[in-house]
1. Among residues other than VAL127 whose Cβ falls under 9 Å from its Cβ, what is the net charge (Lys/Arg +1, Asp/Glu -1)?
2. Among PHE31, HIS163, MET119, which residue has its Cα positioned farthest towards the positive end of the charge dipole of the chain, with +1 placed on the Cβ of Lys and Arg, -1 on the Cβ of Asp and Glu, and the dipole taken about the Cα centre?
3. Can you give the alpha-carbon Rg of the stretch 62-123 over 2.2 N^0.38 Å, where N counts its residues?
4. Let's see if you can work this out: charge +1 on each Lys and Arg Cβ, -1 on each Asp and Glu Cβ, no other charges. What is the dipole magnitude of the stretch 14-171 about its Cα centre, in debye to the nearest 20?
5. With a 1.4 Å probe and all protein chains in place, put LYS35, LYS77 in order of accessible area, largest first.
6. Given that just one value was derived from the coordinates, which of (i) 65, 31, 26; (ii) 56, 42, 33; (iii) 50, 33, 24 is Cα extents along the principal axes in Å?
7. Test of understanding: given the chain, find the longest segment containing no GluC sites (Glu not before Pro) that are in a DSSP loop and have at most 15 other Cβ atoms within 10 Å.
8. Cα-based Rg of the stretch 91-171 per 2.2 N^0.38 Å, rounded to two decimals?
Amino acid sequence: MSTPENDAVDAIVREWSTVRSDLDATPLEIFSRVKRIAKQLDQMRRRAFAQAGLEPSEFDVLSALRRSGEPFALTPKQLLATNLVSSGTMTNRIDRLVRRGLVTRRNDPADGRSILVRMTPHGIALVDEAIDLLLADEERLLADLPSEDVAALSRGLRTLAIHMGATDSEF
């Protein structure tokens, strides 16, 4: 297998090493690439969600509901725990999804003081389309990488995320 081409981060690290030979710029090799990849992935995800007719924030709520399994219903408090937003922001997201007919809001039969947010069949269809589009795009990005590299990336990024305390679910 050939050696990978240099990227913009290689140039940045090389420049820092030239002007500040006392620095170990190794962290830049990781975190600058993660930042650049995150920007690209954000754009890719936005395109996939838009193609399915969803905003990223709508996908976040709907995907939490979809992953919860039948009957695809959670309390706003449970949704807050998976989406990492303020209660006001979550209320606005739920309101928008209700207006679009993607979720319903009903009293929780198990607790009369609480409500359940439940996905409609239309909401299920849109979030399923969005995840299919997203995973197809992401699979294409990984398709040319050796499976052992993909596994190593997954392990390394998981370890780093845990070390940094970034273990909360986004999706």
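1. Within the 9 Å Cβ shell, the charges total -2.
2. Looking along the dipole axis, the top candidate is MET119.
3. That ratio works out to 1.01.
4. Approximately 640 debye in magnitude.
5. LYS77, LYS35
6. (i)
7. Result for the longest clean stretch: 6-169.
8. That works out to 1.59 for the stretch 91-171.
The values are calculated or read from the model by the stated rules, or taken from the named source; none is laboratory data. Owing to the predicted nature of the structure, the values given are computational and were not obtained by experimental measurement. Ideal geometry is used to build each Cβ from the backbone, glycine not excepted, and the neighbour counts take in all protein chains shown. Just the protein is used for accessible areas: all its heavy atoms, side chains included, with ligands, DNA and RNA removed. Shrake-Rupley method; radii C 1.70, N 1.55, O 1.52, S 1.80 Å.
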